[in-house]
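The values are calculated or read from the model by the stated rules, or taken from the named source; none is laboratory data. All values derive from a computational prediction rather than experimental measurement. Here the Cβ is made from the backbone with ideal geometry for all residues, glycine too, and neighbour counts use every protein chain on show.
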Amino acid sequence: MAKIVHIGAGSAGFGKRFLTDVLTRPALQSSTLTLMDVNPENLEVMTTLARRLASQLNSPVTIESTTDRRRALEGADYVIITIVSNGFGPRYREVDIPKKYGVYQSVGCTSGPSGIFRGLRYVPVLLDIAKDVEELCPKALILDYSNPTSIVPWAMAKASNVSFLGLCHSVQHTAMTLARYIGAPYEETGHWVAGINHQAWFLRFEWNGKDAYSLIHERMQDPDIYKQDMVRFEMMKFFGYFLTESSYHNAEYVPWFRRNAELIEQWTPAIGQWAKGPIERHEESATQRREQLKREAFGTEPISADPGHEYCISIIDAIESNVPARINGNVINTGLITNLPQGSCVEVPCLVDNMGIHPCYVGDLPPQCAAVNRLRQNQDELAVKGALEGDRKAVEQAIALDPLASSTCTLEQIHDMVTELFAADAPYLPQFNSR
C-alpha cells in the first residue's frame, strides 16, 4: 500500500492529469493519495474533483487532503512536487527587468537572467521540503517538476541526501509533435533522447522500427509545418538533431534568434498564445483551467478522464507493479553522457522497475550537440554555486555566460541588471539576505 503525496496538488496544469493516472492504474488501487496545497480553495476543488472521479471510476484509492505539509509527508513513499513558489509576481519582474538591458526572454523559466533567478528562489524552498522528507519519510522518492530542471536537481544532489528526480514532459511531448509532423501514430514511434533539460537531442527517432529522420526533413519543407517550429528546424538543419521543448523556449537558450527586434519577429513572432507575453499566457491559461476544474468538481456531468502522459505516475506504477517502464529523467552525470561534465545535471533515458530508477548509459553525444549543451551548463554550474553558497558574484558570472545575455549586454550592464534583480527578489532569497 503506497502513500503518494502531491505537494502543489491545486495545480491547474498537473493536478487532474495525476489524479486520472493514479485512479486508473491497477497496481495503484490500494494506494493512499494525499493532496497538499497551501491554497485552501484550490485544494478543496482538487479534493472534491478527486473524490468525484474516484466514484465515477469505481476506484478504491483512499483520498485525503491537508494544507499541513508535515502532516501530509508522514509515512510517504512518493512525493510529487508541482509548486508555483512565490506566485506569479516575481516571474513578471524577472522577465521585465532584463528587457531594460536588451535581454528579451521568450519564456524565462530555464536559463538566462529570469531562469537563474527563478532557480535561486526555488532551491531554498525545495531544500526545506527535503528536510521534512529526511525527518518524516526518509526513504521516500521525490519526483519534482520545478523549473529550471537543469539547475534544481543539480543543487539538490549537492545539498541533500534525499532521493530526488527532476521531471519534465518535454521529451514525450516533442515525440508526439514529431509523430504528428510525419503523420504517424505516436504509439508506433520510438525515441532515444539525451542532453540537458529543455535542450535534449533526439539521437534516434523511429517509426515502426525504421529511422524517421528523413521524414522529418521532408515534412520540414512544408511551409505550414516549418512555421510551427522554425527555431528547432533551423537548429536541426545546422546541428543535425531535433531538440526537446518548443521553438519559443529554445530561441532564448542560444545567441542567434532573439538579439534584436528584427530577429525576434523573424523567428519567434508574437502570435497565438505567445502574443500575451511569457508569464501572462501562463497565468491566463491557469485561470481558465481552474474555472473548468471548478465546473467539473462541483457539477453533475461526468468528468472527462483522459489518461495523462506524465512520467511520475509511470515511475510509481513501475516500482509498485514491477512492470518495467522507460522514462527520461534529470539526474547527476555519473559517466552517463561522457562528453558532458561529470557531476552536472543531464537528462537521459531511465529504466524503472521494483528496484528503483536506473539511468541509462548514453556515451558521447555528437560533439556539436554536447558543445551546445555546455554553453548552458556553464551558467547552470555557477547558478548552483550561487544558490547554495549565497554567492552573488557567482550569479553575476552565471548570467554573464548565458548565450543570449552575453550577446546583448556588456559586463557592466550585467552587473547592473543582476543588482536590480537581487533587489526585486530579495524577499524570496534567504540564502543571500544574511550576507
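Scanning segment 418-435 for residues being more than 18 Å from G89 (Cα to Cα) and touching a residue at least 24 places away in the same chain (Cβ under 8 Å) gives a total of 4.
The set of residues in segment 383-428 that are within 18 Å of V123 (Cα to Cα), buried (at least 22 other Cβ atoms within 10 Å of the Cβ) and not β-branched (V, I, T) comprises A383, G386, A387, A398, L421. Does A286 fit the bill of being assigned to a loop (DSSP other than H, G, I, E, B), among the hydrophobic types (A, V, I, L, M, F, W, C) and modelled with pLDDT under 90? So A286 does not fit the description; no. Report whether or not L127 is surrounded by fewer than 21 Cβ atoms within 10 Å (Cβ to Cβ), within 30 Å of Y92 (Cβ to Cβ) and at pLDDT 95 or above. Yes, satisfied. With a requirement of 3 or more residues that are closer than 23 Å to A305 by Cα and either in contact (Cβ under 8 Å) with a residue 40 or more places away in the chain or in contact with a His (Cβ under 7 Å, 6 or more places away or on another chain) (or both), the strands (runs of 3 or more DSSP E) lying completely within segment 34-149 that satisfy it span 78-81. Say whether the condition of being of a type in the set (K, R) and in contact with a helix residue (DSSP H, G or I) (Cβ under 7 Å, 6 or more places away or on another chain) is met by at least one residue in segment 31-51. Checked segment 31-51: no residue is of a type in the set (K, R) and in contact with a helix residue (DSSP H, G or I) (Cβ under 7 Å, 6 or more places away or on another chain).
Once segment 194-233 is narrowed to residues that are in a strand (DSSP E or B), among the aromatic types (F, W, Y) and out of contact with any Pro (no Cβ under 8 Å at 6 or more places or on another chain), the residue that is nearest to G183 (Cα to Cα) is W207. Residue count for segment 8-33, restricted to those that are part of a loop (DSSP other than H, G, I, E, B), surrounded by fewer than 18 Cβ atoms within 10 Å (Cβ to Cβ) and touching a residue at least 40 places away in the same chain (Cβ under 8 Å): 1.
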